[in-house]
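Below you'll find the structure, written out as structure tokens, and then a few comments.
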Amino acid sequence: MKKTLLLLFFAATLHASESFVLDIPVRMNANQETGKVLITLTLDSAPAGSQLVVNGTTTLNLGQTQTVAGDSVAFETGSGNEVKITVLPLSNFGADLCAGGGAVEKNIPLRFTGAQDITDYRISTYIVAAPAAECSQASKRTGDTPATILLTGDGVAPPLSATFRGRHPFDVVLVLDKSGSMADVPPGAIPGPTNPSKADILISALTTFVAQWEQMDQPTLDGMEWSHDRLAVVMFDSTAQPQTLAGADPPANVFVQRGGGTAWDAVSSNVSTLTPGSNTSIGGGINTAMQEWKNDPQSDLQLIVVTDGMQNTAPLIQPTGTNFLGLTPVAGLPQELRKRFIPIHSIGFGNPATVDATLLTNLAFETAGVSFLSINATTIFNTFANTLIAVLKGNTASIAVQRNDTMSGAGPSALVPVDVDGSAKRAVFCVQWAPPTVRALDFDVFRPGSTTPATPNSSKKTRQSVLQTFDMKASDVGTWHVRVKRAKDTDPITLPYTLNVFFLEKDLDYSFRFDNVHAATGDKLRLRATLAYDGKPLTHLPADSIRVRVQRPAEGLGNILRASTVDAQPSPSPDPMNAYNAKLAKITNADLLARTYPKDFATISLKEEGHGVYSATFDKTEIPGMYAFNAILDWKDKRTGQVHRRERLEHVVRVVADPAKTTIASQRAGNSVVLTITPRDKFGNYLGPGYAAAISAVGYKSEPPVDRKQTGTYTLTVRDVPPRTKVRVSVDGVVVN
């Protein structure tokens, strides 16, 4: 009898079983229902011999994938002592992952069995990234209405007992323009030793960006940590150059892990070496970044592409036969960028006239990134703050305060209120300013009701920024205040600065998206927000809880360029420009440029559609160019308390040629026909110069179109046209005669 008991005890010590339930809720969004859930379990020893039991009946060994009740479940070895569980709820979809209208909530019992103990776990939820572009794969992490793990026993094994570590890590590559034009000063600045170049401002902004991320995602009090987030840097001019970073992962030494302490200082140190060079190969930078990741694909990849100009060196990013953007295939990745399932966040920096905003916006929208246009130091600081939030969505992070101000006199500034609600797990306060001024400002933060500056849990200073981080407790809910002041023993110079306050969220998550990707003048822009709290849809918020300040340009760039009499010649160096780009570069009149910037136009409120989805439509899009949507989430509700958040989105509205407004004149010389074409949209906006590649003769060979005066009137010579035969002309796929 004693021997039997000993055997039973010995067997129990060999096999540890823990069970839990994977809950996949319905998101009530047919084209963005949950399409994939990734769970990583970290064990106390190597995972050999472990098993996963699904629904109490189906057993998977390591390396196996099985279909269970119409859904795919994979159980595989991860890195080190990890095992990964991948669940694809395919039974919730029809023809593709945008066909989720019949989705139902799933509760899938899972049981881990093995000689190992589970020490901690992570979970991430994925949806279709850009439903208007590609529906074949769920590749975008989401934090609103995510899948969750319920710590429930199944009658055979006890509930899972392990530390929840949060989201899975990210791999991010900074793809940075170092072309010759980065040596220029941004709009509004006067060239000279005291005014920083675009390269100087970019270096300062990126150094603070890295510091913001370090502070935001430090380990939390409840055990969440993201030490395996990795950063890499690729710089490009006429070629792309991956940067070797101190302490980076071998053998390529390109990606460096956050780790602890100052590991990411290697990224900031490398960025500070950025020196303007020659041409602009945006496509080369993107392909090199993706190649480097494919050589070492540890975690989900995102790119942040920053450029101040237009691509002029191969490989070029161009529309494919489907009208979606493509790039020379690399590392087994397909030509179409949307099918690579890698988000690309794009930032255009400098003169809006010299940045291909349409290209950058489409890059982002087709790949589920965000796109911003930054004109000067102030706007690029805000842009990197907004981009950081986009990268960390699904973690989730948000912006509570974004304020541009100026320090004049001795200071300090007035107190700025910051509403901290119960969802804020951490608050990161950041003040930054433009170079060359160093260590000029500081600030004090005050807890609710206190007149004594609070002591941060951590802090960091760079040459042009100061950061303080506070971990929040329940007693910290209320109105905090921040006051900017001059650093000790600094000169009282007038100094513009930017104040950002970030929250690391515990319960609140939200995301915004536009329904249409390639918007044209006259199109309705439908903006939707999906909100969740504590993993559940946030419904029935008070009226006007989500307001959006819409900004639109006063005039399209095509109209301005057509009216301009600037005579520009191609420039060979330092960043070669064709005649079109040379003309753009000479449009420097501040009043003229300001007409292309988005300006306050209207405020709209999002209305509830149901299940945590709120939407509004903006239809005043008669003017082409960059539109900005500044969302303010502001409400008081018994579930959430007082909430205040901000988010910014930008969208390019393009000119689409209209047959009735486009003028075409023809002249025949033998079998050749010379066509003079001036494309305009239905509102009379000129397409403008720079679009020769979009104009062609349908069914005939022709010489490349020519716009000699760079006004948007193109001459197209068509050969071998039979007598009394009409030639049809296509402008960007639209037949205009």
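Filtering region 658-680 to residues that are more than 18 Å from Gln710 (Cα to Cα) and outside any strand (DSSP E or B) leaves Asp658, Pro659, Ala660, Lys661, Gly670, Asn671. Checked against (1) under 27 Å from Ala199 (Cβ atoms); (2) in a loop (DSSP other than H, G, I, E, B), Asp442 passes all but condition (2). Among residues of region 454-474 that are of a type in the set (Lys, Arg), those with a beta-carbon under 8 Å from a residue that is assigned to a loop (DSSP other than H, G, I, E, B) at least six positions away or on a different chain give the pairs Lys461/Arg439; Arg463/Pro435; Arg463/Val438; Arg463/Arg439.
The set of residues in region 701-732 being buried (at least 16 other Cβ atoms within 10 Å of the Cβ) and in a loop (DSSP other than H, G, I, E, B) consists of Pro705, Asp707, Gln710, Thr711, Gly712, Thr713, Val721, Val727, Asp732.
Being modelled with pLDDT under 95, within 20 Å of the chain's Cα centre (by Cα) and in the same structural domain as Ser179 (by TED's automatic domain parsing) is a description that does not apply to Trp293. For region 477-532, a residue qualifies if it is among the β-branched types (Val, Ile, Thr) and either under 25 Å from Ser374 (Cβ atoms) or modelled with pLDDT under 95 (or both), and the qualifying residues are Val482, Val484, Thr490, Ile493, Thr494, Thr498, Val501, Val517, Thr521, Thr530. Among the residues that make up region 159-167, is at least one of them touching a Leu at 6+ places or on another chain (Cβ under 8 Å), surrounded by fewer than 17 Cβ atoms within 10 Å (Cβ to Cβ) and modelled with pLDDT of 90 or more? Yes, the conditions are met somewhere in region 159-167. Screening Pro435 on (1) surrounded by fewer than 20 Cβ atoms within 10 Å (Cβ to Cβ); (2) out of contact with any helix residue (DSSP H, G or I) (no Cβ under 6 Å at 6 or more places or on another chain) shows it passes everything except condition (2).
Among the criteria (1) buried (at least 21 other Cβ atoms within 10 Å of the Cβ); (2) over 20 Å from the mean Cα position of the chain (by Cα); (3) aliphatic (A, V, I, L, M), the one Ala246 does not fulfil is (1).
Scoring Gln291 on the criteria (1) buried (at least 20 other Cβ atoms within 10 Å of the Cβ); (2) assigned to a helix (DSSP H, G or I) leaves a single failure, condition (1).
The single condition from (1) in contact (Cβ under 8 Å) with a residue 60 or more places away in the chain; (2) surrounded by fewer than 17 Cβ atoms within 10 Å (Cβ to Cβ); (3) outside any strand (DSSP E or B) that Thr479 fails is (3). Remark: pairs (first residue in region 106-117, over 14 Å from Asn55 (Cα atoms); second residue in a strand (DSSP E or B) and at pLDDT below 95; Cβ separation under 7 Å; 6+ apart in sequence or on different chains) = Gly114/Ala16; Ala115/Ala16; Gln116/Ala16; Asp117/Ala16. All of Asn404, Asn362 fail the test of being in contact with a strand residue (DSSP E or B) (Cβ under 8 Å, 6 or more places away or on another chain) and not assigned by TED's automatic domain parsing to the domain that holds Asn312, apart from Asn404.
Condition check for Ile695 on (1) farther than 30 Å from Thr383 by Cβ; (2) touching a residue at least 40 places away in the same chain (Cβ under 8 Å): one failure, at (2). When we screen Ile286, Ile380 for residues that are touching a strand residue (DSSP E or B) at 6+ places or on another chain (Cβ under 9 Å) and under 30 Å from Ser564 (Cβ atoms), the only hit is Ile380. For region 624-654, residues that are over 25 Å from the mean Cα position of the chain (by Cα) and over 30 Å from Pro537 (Cβ atoms) total 0. The residues of region 245-264 that are out of contact with any Phe, Trp or Tyr (no Cβ under 8 Å at 6 or more places or on another chain) and either free of Cβ contacts under 8 Å to residues at least 24 places away in the same chain or among the small types (Gly, Ala, Ser) (or both), listed by number, are Ala246, Gly247, Pro250, Pro251, Ala252, Asn253, Gly259, Gly260, Gly261, Thr262, Ala263. Apart from one condition, Ala132 fits all of (1) within 23 Å of Val21 (Cβ to Cβ); (2) at pLDDT below 95; the exception is (1). Being under 25 Å from Thr387 (Cα atoms), at pLDDT 95 or above and of a type outside the set (Gly, Ala, Ser): is that true of Asp634 here? In short, yes.
Check Val418, Val391 and return the single one that is within 21 Å of the chain's Cα centre (by Cα), of a type in the set (A, V, I, L, M, F, W, C), closer than 25 Å to Ser374 by Cβ and crowded, with 18+ Cβ neighbours inside 10 Å. One residue alone meets the criteria, Val391. From the list Ser136, Ser179, the lone residue that is closer than 24 Å to Phe512 by Cβ and either touching a helix residue (DSSP H, G or I) at 6+ places or on another chain (Cβ under 8 Å) or buried (at least 17 other Cβ atoms within 10 Å of the Cβ) (or both) is Ser136.
All conditions but one from (1) assigned by TED's automatic domain parsing to the domain that holds Leu388; (2) assigned to a loop (DSSP other than H, G, I, E, B); (3) of a type outside the set (Asp, Glu); (4) in contact with a Lys or Arg (Cβ under 6 Å, 6 or more places away or on another chain) apply to Val185; the one that does not is (4). Count of region 553-584 residues, restricted to those that are within 28 Å of Tyr627 (Cα to Cα), among the small types (Gly, Ala, Ser) and either at pLDDT below 85 or under 32 Å from the mean Cα position of the chain (by Cα) (or both), is 6.
The values are calculated or read from the model by the stated rules, or taken from the named source; none is laboratory data. Predicted, not measured: the structure shown is a model, and the values here were computed from it. Because the Cβ atoms are built from the backbone with ideal geometry, glycine has one as well, and the counts that use them run over all protein chains shown.
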